[in-house]
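What follows is a short report on a single structure.
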Amino acid sequence: MYSYDTEKNMNLFEIGEEQKLQKTVRVLWYPNITFQKDLEKDSYIQVAKNQIKLLNEIRDDLWHYMILPCPVPSLQFDNVTQWYIDFETYPQTMRSNFRVDVVRKMLNNSLDFDLVMSHLPEHTHQLVNTLYNVTHHKPAVTGYSHWFDLKDVVAWPKDSFLQNLTGLLEYDRCMINTQHQKDLVLNQASDHFNTKTITKLDEILTVQHLGVDAKDIIDNINETPEKIIVFNHRPDTYKHFKEFIAVCDKLWEMRQDFKVWVPLLDKPNREYVVTTKGDKEWYYKELQKCYMGFSPKQTYGGWSVSTTDGMMNGVPYIMYNAGYYHELYEQGDFFEDNHDALLLLNTYLDDPEYRNEEATKALDWVGTRLIYKDKMIEMNEYMDDLLSRQKVMGDSDKFKEIVEFIKTNKEVRKIDLMDWLCWGRGIKWTPYRRALMNHPNIYDVNGSNPIYCWKD
């Protein structure tokens with residue numbers, strides 16, 4: 001059942017002493033949840049957590065509204081409101097099921113939304129349609145895409161690629177995590193759209209590599225690790241897990257002085273495989289014990305957060321020779337086929353000094369080339385640019401009345417302001433809000449619910 005915590009998220013308006021008056025920027029997040037059995041390991045949750053954390057280090061005027069399937073502890077920031085919807089667990093069903101009846105109740109006129117941060121292009125067209133046609137909000141749209149239903153990638157009979165693209169065309173800018181991915185999307189899109197549309201898609205899609213938090217990078221490698229080969233990716237077909245196991249079977253025939261750790265595998269499928277699991281802190285500490293990591297061929301070719309998790313904890317990786325790994329770490333050891341992979345595995349296991357040299361190089365690379373905050377500074381600048389390009393209401397008589405109303409009352413809840421105006425969805429509020437946030441005397445409290453305040 002779909003649920004919405006109205007009491008918690010809609011009716012708390014008191015301004016506490018700790019709340020500042022500021023030119024608050026209110027951001028609506030729409031998710032792409034594909035791993036509900038352990039949300040903290042879901043790629044969207046991980047990316048969103050890092051983005052909000054780093055944005056909060058850069059600026060202090062953001063308030064985030066996040067639609068989620070249930071409470072997520074790692075997203076419980078002081079400037080985040082969580083809303084809950086029961087999303088379908090099967091990705092294809094989830095992508096085809098946009099509940100406008102539920103979403104429209106959340107996006108009511110008692111709130112403000114300056115930006116949309118959508119991570120699910122398939123729902124973005126419907127989300128924008130709901131915002132623009134059913135409410136009085138007209139925010140700018142940006143976000144991130146974790147997945148496209150490419151024909152050579154999907155395991156299901158009917159893909160959602162066209163829905164990917166129609167949603168994508170609603171964005172001002174959509175981040176994608178490798179140039180390889182972008183090239184695949186544009187190439188397949190050319191089967192359906194003309195040159196003009198492909199050019200627009202090219203402009204919208206922007207490569208943003210998913211780096212690491214500088215605070216998570218260890219100082220020094222473990223020079224005496226256990227002989228553990230880690231495969232910390234999803235053990236799925238598009239990650240070529242069976243091919244990896246086939247290589248390890250050959251390696252086991254040659255030697256039995258190693259273990260293989262697959263933390264996302266439900267249970268061991270070989271005598272040399274272990275599948276121990278724990279929380280994030282535990283996971284990082286276990287990575288530091290590993291001898292090396294394996295980054296497989298990917299049918300999809302996205303950014304490998306699993307690989308950067310290991311590298312920032314001092315684990316060297318052998319990687320499939322493809323552009324998406326060269327984008328991540330161009331100085332790595334690359335293999336072309338299973339025979340090459342076997343040779344590299346033996347080289348590392350036989351030569352601890354070489355292993356340690358490669359581990360040090362990988363750690364240095366992460367610390368100098370893959371700091372995610374640098375990318376978030378760019379995103380922050382773009383968010384400000386989007387806001388600056390939004391329509392601003394001029395010095396009309398009605399705007400003057402609104403300003404005077406706020407000045408007279410000193411503090412006005414958004415819901416009370418709407419009651420006073422008697423406006424419905426027909427008059428778009430966004431240009432008025434932008435003008436109010438540009439006014440030198442008007443501020444918005446940094447809480448879940450907008451409160452317009454006058455300050456002399």
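Nothing in this text is a laboratory measurement; each read-out follows from the coordinates by a stated rule. As the structure is a prediction and not an experimental result, all values here were calculated from the model. Note that each Cβ is placed from the backbone with ideal geometry, even for glycine, and that neighbours are counted across all protein chains shown.
The table below gives the values:
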read-out	value
Per-residue ³J(HN,Hα) for segment 283-290, Karplus 6.51 cos²θ - 1.76 cosθ + 1.60, θ = phi - 60°, Hz, x for Gly and Pro	4, 5, 5, 5, 4, 5, 7, 6
Per-residue ³J(HN,Hα) for segment 93-106, Karplus 6.51 cos²θ - 1.76 cosθ + 1.60, θ = phi - 60°, Hz, x for Gly and Pro	5, 4, 5, 9, 10, 9, 8, 4, 5, 7, 4, 5, 5, 5
Packing-based order for 336-342, 126-132, 201-207, using average beta carbon neighbours within 10 Å, highest first	126-132, 201-207, 336-342
Mean Cβ neighbour count within 10 Å, used as a protection proxy, ranking 321-328, 56-63 highest first	321-328, 56-63
Amide proton proximity set for residue 173, modelled H, under 5 Å, gap of 5+	143
Rounded to whole Hz, the Karplus (6.51, -1.76, 1.60) HN-Hα couplings of segment 269-278, x for glycine and proline	10, 8, 5, 8, 9, 10, 10, 4, 9, x
nm² value of the averaged projected area, convex hull over the Cα atoms of segment 39-87	3.2
Given 200/398; 23/391; 37/361; 105/407; 49/182, the pairs whose alpha carbons are separated by over 27 Å	200/398; 37/361; 105/407
Segment 295-437: C-alpha gyration tensor shape, a/c 1.5 cut-off, then a/b vs b/c	prolate
Cα extents of segment 104-148 along the three principal axes, largest first (Å)	33, 17, 14
Segment residue 398-residue 134, extension gain: residue separation times 0.36 nm, minus the distance between their alpha carbons	92.8 nm
Per residue Cα convex hull volume in Å³ - calculated over segment 156-267	187
Long-range HN-HN contacts of residue 274 with modeled amide H, under 5 Å	260, 261, 262
Taking the C-alpha atoms of segment 216-370, convex hull volume expressed per residue in Å³	100
Percentage of interatomic Cα-Cα distances in the chain larger than 35 Å	37
Projected label distance in nm at residue 194 and residue 215, using a 7 Å step from Cα toward the beta-carbon	5.1
Coordinate range along principal axes, alpha carbons of segment 25-170, Å, largest first	45, 35, 25
For residue 207, distant residues with modelled amide H under 5 Å away	176
Residues of type lysines that residue 259 reaches as a straight line, Cα spacing below 22 Å, ignoring anything fewer than 8 places off in the same chain	227, 239, 242, 250, 267, 277, 280, 285, 289, 297
Alpha-carbon centroids, segment 369-398 and segment 175-202: separation in whole Å	25
Protection-proxy order for peptides 329-335, 424-430, each taking the mean of Cβ atoms within 10 Å per residue, highest first	329-335, 424-430
